[in-house]
Structures are given as structure tokens and as C-alpha cells.
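Colleague: One structure is given below, represented as C-alpha cells, and several questions about it will come after.
The values are calculated or read from the model by the stated rules, or taken from the named source; none is laboratory data. Please read all numbers here as calculations on a predicted model, not as lab measurements. Positions of Cβ are generated from backbone atoms using ideal geometry, with glycine treated the same way; all protein chains shown enter the neighbour counts. Ligands, DNA and RNA are stripped out before the accessible areas are found, and what is left, the full protein with its side chains, is counted by its heavy atoms. Shrake-Rupley method; radii C 1.70, N 1.55, O 1.52, S 1.80 Å.
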Amino acid sequence: MLIELSGVSKIYNQGKANEVKALADIDLEVEQGSMVCLKGPSGSGKSTLLAIIGCIFPPTSGRAAIAGRQLARLPDRFLTLHRRETIGFIFQRFNILPELTVLDNITLPLLPLGVPPRERRQRAEELMERFAISHRAQFPAGQISGGELQRVAIARALINSQPIILADEPTAHLDTVLSQEFMEIMQQLKTTGKTIVIASHDPLAFEHPAIDRIVIIKDGSIHVP
């Protein structure tokens with residue numbers, strides 16, 4: 001299993017007056033090359049679960065193994081390195097820097113890894129060609145269309161060839177056409193062997209035929225209908 005969670009809980013501000021239990025005893029396994037949708041309303045714990053899978057922080061308790069590494073055993077700097085090597089993120093609002101060019105936005109995750117400029121550009125050019133945005137390479141990202149912005153975000157998530165792609169409410173601010181286009185691209189990535197986890201309460205996402213499994217999250221726990 002590429003993603004293995006057992007008895008995972010997450011408590012924010014533990015022991016304080018504002019303590020919040022975001023996740024409780026989550027058991028979840030995701031096979032390599034599959035696409036899973038975490039379904040649930042806002043505040044259900046989807047984003048926290050995605051953050052643990054994404055190696056942003058370890059669980060408060062329980063076992064989380066991502067791509068063969070136990071998160072609880074990794075010091076912060078190794079957790080960061082493991083995230084950079086393993087996880088590609090697609091954020092709800094894409095987190096694109098509008099003043100930077102499309103090319104610079106796509107290559108941004110490679111800067112902390114010390115990848116030489118020539119190689120950074122070569123990787124980005126291959127992805128821009130794949131997603132038909134090569135003609136926008138030198139445009140400020142704030143000046144391109146929503147569909148092009150979506151492709152920039154996906155290209156950035158793939159720039160380091162990470163095996164796992166995580167998407168947090170990726171269709172929340174897209175119209176129907178762009179949402180369908182996004183899911184079609186995810187389906188294509190799945191056929192290349194990528195493992196994809198999408199957090200969404202959008203039917204266009206969780207009802208897509210490429211989704212192998214829907215995991216319902218309710219009040220921080222996996223809900224079995």
C-alpha cells in the first residue's frame with residue numbers, strides 16, 4: 001500500500017482550552033495507481049486528513065506510513081524532504097503567485113531541492129507542452145485564463161515526478177466545464193500510475209467514473225453508510 005493509516009487521530013491545541021479533535025481513529029489504505037475521493041462537508045476533517053497524507057504534519061496518535069516511511073519517526077526536516085519527493089499538491093485556489101511567470105510558478109517546488117536552472121526549465125517545458133500552455137510560459141500567471149491557471153497548478157504538482165497527487169477541493173471555484181476538464185486530466189494521470197486523493201463534496205468529482213473509492217468523512221471519522 002502506498003498510503004497506510006491506522007488509528008490516526010489529530011488534535012489541535014492539545015491540552016489547551018481551545019483543544020479541537022479534528023480526526024479520530026482513522027483507518028485508511030490507498031493502493032498505488034488508484035484514485036480516492038474524501039467526501040464530506042466543510043469542517044468534517046477532510047483537509048486535516050489530506051494534510052497528514054501530504055506529510056505536512058504527523059498525526060497526534062496512530063500510525064501513518066506514506067510511500068513506505070513512518071511519519072511519526074521522521075524529524076521535521078526529513079518530513080519536509082519526504083513531502084517534496086513524494087507529494088504533489090493541487091490547492092483549492094491553486095496558490096499560484098500572480099506576479100510570477102507561468103514558467104516560474106511551475107518550477108517553484110524545485111528551488112529548495114537545488115535542481116539546476118537548465119533542468120528546471122527542461123522539466124517545465126515538457127509539462128507545459130503536455131498541458132498546452134507553452135505559449136504562456138513568460139506570461140505573468142495573473143494574466144492567464146482560469147483553465148490555463150488550472151493546468152499551471154497541475155504542472156507544478158507534477159514537476160518533481162511525485163508518485164502521489166493530492167487535491168483539496170480542486171473544483172470549488174471552477175465552472176462545470178473546467179471541473180470536468182480537471183477530472184479528465186486526473187483520469188489521464190491515473191493511467192500513468194499516479195496515486196490520487198481528492199478531498200471534495202462536489203458531485204462532479206466524487207461521481208466521476210475514474211474514482212475507485214469514496215471515503216465519507218463525518219465529524220473527523222470515516223462514516224460507513
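Colleague: In the structure displayed, which of 16/39; 10/194; 190/218; 21/190; 10/190; 39/194 lie more than 24 Å apart, Cα to Cα?
Modeller: Distance filter (> 24 Å) returns 16/39; 10/194; 190/218; 21/190; 10/190.
Colleague: Scan around residue 38 for amide H atoms under 5 Å from its own, H built in the peptide plane at 1.01 Å from N, and keep only partners 5 or more places away or cross-chain.
Modeller: Here the answer is 198, 199, 200, 215, since their amide H atoms fall under 5 Å of that of residue 38.
Colleague: Using a 1.4 Å probe over the heavy atoms of the protein chains, calculate the carbon and sulfur portion of the accessible area of region 75-225 as a whole percent.
Modeller: That fraction is 51 percent.
Colleague: Measuring from label point to label point, each 7 Å out along Cα→Cβ, what is the residue 143 to residue 118 span in nm?
Modeller: Taking the simple label geometry, residue 143 and residue 118 are separated by 3.0 nm.
Colleague: In the chain, what percentage of the DSSP-assigned beta bridges are antiparallel, given to the nearest 5?
Modeller: Given both bridge residues lie in the chain, the antiparallel proportion sits at roughly 50 percent.
Colleague: Give me a comma-separated list of calculated 3J(HN,Hα) values for region 45-52, in order, Karplus coefficients 6.51, -1.76, 1.60 applied at θ = phi - 60°, integers in Hz, x for any Gly or Pro.
Modeller: My calculation for region 45-52 gives x, 4, 5, 5, 4, 5, 5, 5 Hz in order.
Colleague: Dipole of the chain (Lys/Arg Cβ +1, Asp/Glu Cβ -1, origin at the Cα centre): which of 198, 23, 62 lies farthest to the positive side?
Modeller: After comparing all options, I get 62.
Colleague: Also: Tell me, what ³J(HN,Hα) does each residue in region 123-129 have, in order and in whole Hz, if you take phi through Karplus 6.51 cos²θ - 1.76 cosθ + 1.60 with θ = phi - 60° and put x for Gly and Pro?
Modeller: These are the phi-based 3J(HN,Hα) values: 4, 5, 5, 5, 6, 4, 5 Hz.
Colleague: I've got another one for you. Magnitude of the Cβ-charge dipole of region 1-91, K/R +1 and D/E -1, about the Cα centre, nearest 20 debye?
Modeller: Magnitude of the dipole: close to 300 debye.
Colleague: Excluding ligands, DNA and RNA, what is the solvent-accessible area per residue of region 67-215 at a probe of 1.4 Å, expressed in Å²?
Modeller: Result: 49 Å² per residue.
Colleague: Using helices alone, I'd like the mean residue ellipticity at 222 nm for the chain: each DSSP H run of four-plus residues gives -39500 (n - 2.57), total over residue count, nearest 500.
Modeller: Estimated from H runs of four or more residues: -9500 deg cm²/dmol.
Colleague: Is there a quick way to get the dipole size of the chain? I mean about its Cα centre, with the Cβ of Lys and Arg at +1 and of Asp and Glu at -1; what is the value in debye to the nearest 20?
Modeller: 620 debye
Colleague: While we're looking at this one, here's another question. Does anyone have the angle between helix 176-191 and the longest principal axis of the chain? Alpha-carbon axes, 0 to 90°, nearest 10?
Modeller: Helix 176-191 sits roughly 80 degrees off the main axis of the chain.
Colleague: Each residue of region 196-203 in order: what ³J(HN,Hα) in whole Hz does its phi give by Karplus 6.51 cos²θ - 1.76 cosθ + 1.60, θ = phi - 60°, with x for Gly and Pro?
Modeller: 10, 10, 10, 9, 6, 10, 8, x
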